[in-house]
Each structure stands twice: as C-alpha cells, then as structure tokens.
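To start, the structure itself, in structure tokens.
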Amino acid sequence: MKQIQILGTGCAKCNQLTAAAEAAASELGIEYTIEKVTDMMRFADFGVMITPAMVVDGVVKVAGKVPSAEDLKQMLQ
C-alpha cells in the first residue's frame with residue numbers, strides 16, 4: 001500500500017494536487033492512503049520549502065507545482 005502525503009496549506013493548488021493524486025492512484029488500481037499535511041513545521045521535515053508538494057512512501061516526488069496526470073502516474077508506480 002502506498003502512503004501519499006500532500007503538503008500544503010489548503011490552497012486551491014493543494015486541493016488540485018490531492019484530487020489529481022487520488023485520481024492517478026485509482027486509475028493505476030493501486031491501494032493507497034492519503035494524508036493532507038498542513039503543518040508548516042512538518043514541511044521542513046521533508047525539506048520542502050514551496051507547496052504544494054507530494055510525498056510518496058517518505059520520498060518527495062514533486063514540490064511547487066501540480067504535475068500532469070501522466071507524470072503523477074509515473075511518480076506513483
């Protein structure tokens with residue numbers, strides 16, 4: 001099971017990344033959990049300075065943008 005974390009303050013792009021990550025994971029048919037991380041102190045734990053960001057299984061996959069659906073699928077595989 002993949003652990004997906006979306007780091008962000010709840011802005012529109014953060015919500016867009018959450019929805020896009022859920023859609024990509026569903027299309028791939030993978031089991032996942034998703035957590036929204038809004039505490040800025042936890043962003044620093046990942047070395048993330050710009051949001052939105054996506055962390056998969058503890059590894060930062062993207063920060064500062066919402067990638068395309070195809071890019072998200074590659075990041076989740």
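The values are calculated or read from the model by the stated rules, or taken from the named source; none is laboratory data. Just so it is clear, the structure is predicted and the values come from calculations on it, not from any experiment. Note: ideal-geometry Cβ built from the backbone for every residue, glycine included; neighbour counts use all protein chains shown.
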Task: Residues satisfying the stated conditions in region 21-38, i.e. under 13 Å from A53 (Cβ atoms) and either more than 9 Å from the chain's Cα centre (by Cα) or buried (at least 17 other Cβ atoms within 10 Å of the Cβ) (or both) - done: A21, V37, T38
Open item on the list: I need the full set of residues from region 22-77 which are hydroxyl-bearing (S, T, Y) and assigned to a helix (DSSP H, G or I), in order please.
Closed with: S26
- [ ] Go through (1) within 19 Å of D71 (Cα to Cα); (2) under 10 Å from the mean Cα position of the chain (by Cα); (3) of a type in the set (G, A, S) one by one and return the number of the condition G8 breaks.
- [x] (1)
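Going by the structure shown, is T33 in contact with a Cys (Cβ under 7 Å, 6 or more places away or on another chain) and in contact (Cβ under 8 Å) with a residue 12 or more places away in the chain? Please lay out each step first, then the result.
Details: in contact with a Cys (Cβ under 7 Å, 6 or more places away or on another chain): no; in contact (Cβ under 8 Å) with a residue 12 or more places away in the chain: yes.
Taking the combined requirement at face value, the residue does not satisfy it.
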Task: Counted residues, region 31-46 - those being among the aliphatic types (A, V, I, L, M) and modelled with pLDDT of 95 or more - done: 2
